[in-house]
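We did not get these values from a lab; they are worked out from the coordinates using the rules stated. Everything quoted here is computed from the prediction, not taken from an experiment.
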Amino acid sequence: MGTMSHPLEIQEGAINGPVMLRSRQFGDDRGHFSETWRQAHFEAAIGRPVTFVQDNESVSGKGVLRGLHFQVPDRAQGKLVRVARGAALDVAVDLRKGSPTYGQHSKALLTAENRWQFWVPEGFAHGFLTLEPDTVFCYKCTEIYSPEHERALRWDDADLAIDWEMPSPLLSAKDTVAPLFSGFESPFE
């Protein structure tokens, strides 16, 4: 894992693409301050220009699993995600056909206290499981939400082998019947 001390702390995992980022925090007896977003710092950290066009926020009770979601080209979404309150286990699954890590995943523990943000680039399925009540999950997206382009994969697919660390999460009806990875034809190069 690589680390850079200024202006962002960066952790890269075993899969090329997803990156953990954290800005410096300044505090005293009144509280604390941190810059959560700056375009130039983010682009320097991931090595390419990115434009975010939509911000989303969800609030979920403990044990809610949302995912594994993605949008297909020409509306593929990259997401920069963070937890503003509570905690979540976040997962990115590599859907890029030519990738040596195709079908593998990266996991990140995101909490309000640890302040990590997780960059999930285009070409990855994304999901998260809330670990505390009233978890506030925030994400910046590189493309607007498009129901026609939205797809999902099963959160508990044995081929993906994701250990969510919780056997019976709360799911939407749509996520309960999402297709399996074995029948998936990836549109991502």
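Roughly how large, in nm² to one decimal, is the mean projection of the convex hull of the alpha-carbon atoms in segment 1-123? Display every interim value, and only then the final one.
Details: hull surface 35.2 nm².
Across all orientations, segment 1-123 yields a mean hull projection of 8.8 nm².
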Projected area averaged over orientations for segment 51-178, convex hull of C-alpha atoms, nm²: 7.6
Relative contact order %, the chain, counting alpha carbon pairs below 8 Å whose residues are six or more apart: 27
